[in-house]
Amino acid sequence: MKREKNYNYAFLFYDVGEKRVQKVFKICKKYLSHYQKSVFRGDMTPSKLISLRNELKKVINDDEDLCV
C-alpha cells in the first residue's frame with residue numbers, strides 16, 4: 001500500500017529590520033524556494049511548517065517586523 005504524503009503549497013513574504021534580513025533569508029531558504037527579493041514559495045508539510053515558524057520566532061521582533 002502506497003502512503004500518501006500530506007503536502008501543501010506555501011508562500012512566505014517578509015519585511016524585517018536590516019539587522020535580521022540575512023538570518024530570516026537563511027532560515028526561509030532551508031524550507032522553501034527563493035522566488036524574488038523577500039518572497040519564498042514551495043511545498044510544505046505540516047511538520048516543516050511548524051519547524052519554520054519556530055525558527056523564525058527566535059529571530060523576528062514582533063514589534064518591528066512583518067512575516068506572513
Would you please name the residue that is nearest to the chain's Cα centre (by Cα), looking only at residues in segment 40-66 that are of a type in the set (K, R) and farther than 20 Å from K19 by Cβ? R53
Of the residues L49, L66, which is surrounded by 12 or more Cβ atoms within 10 Å (Cβ to Cβ), touching a residue at least 40 places away in the same chain (Cβ under 8 Å) and at negative phi? L49
Of those in segment 26-39 that are buried (at least 16 other Cβ atoms within 10 Å of the Cβ) and assigned to a helix (DSSP H, G or I), the residue nearest to the chain's Cα centre (by Cα) is C28
Select from segment 6-25 the residues that are among the aromatic types (F, W, Y) and assigned to a strand (DSSP E or B) and list them in ascending order. Y9, F11, F13, Y14
Out of all the residues in segment 14-21, is one or more in contact with a helix residue (DSSP H, G or I) (Cβ under 9 Å, 6 or more places away or on another chain), among the charged types (D, E, K, R) and surrounded by 14 or more Cβ atoms within 10 Å (Cβ to Cβ)? yes
Would segment 40-52 turn up any residue that is assigned to a helix (DSSP H, G or I), closer than 17 Å to L66 by Cβ and of a type outside the set (D, E, K, R)? yes
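Values quoted throughout were computed directly from the atomic coordinates according to the rules given, and no laboratory measurement underlies them. Only a predicted model underlies this, so the values are computations on that prediction, with no experimental measurement involved. Quick reminder, even Gly has a Cβ in these numbers, built from the backbone with ideal geometry, and neighbours come from all protein chains shown.
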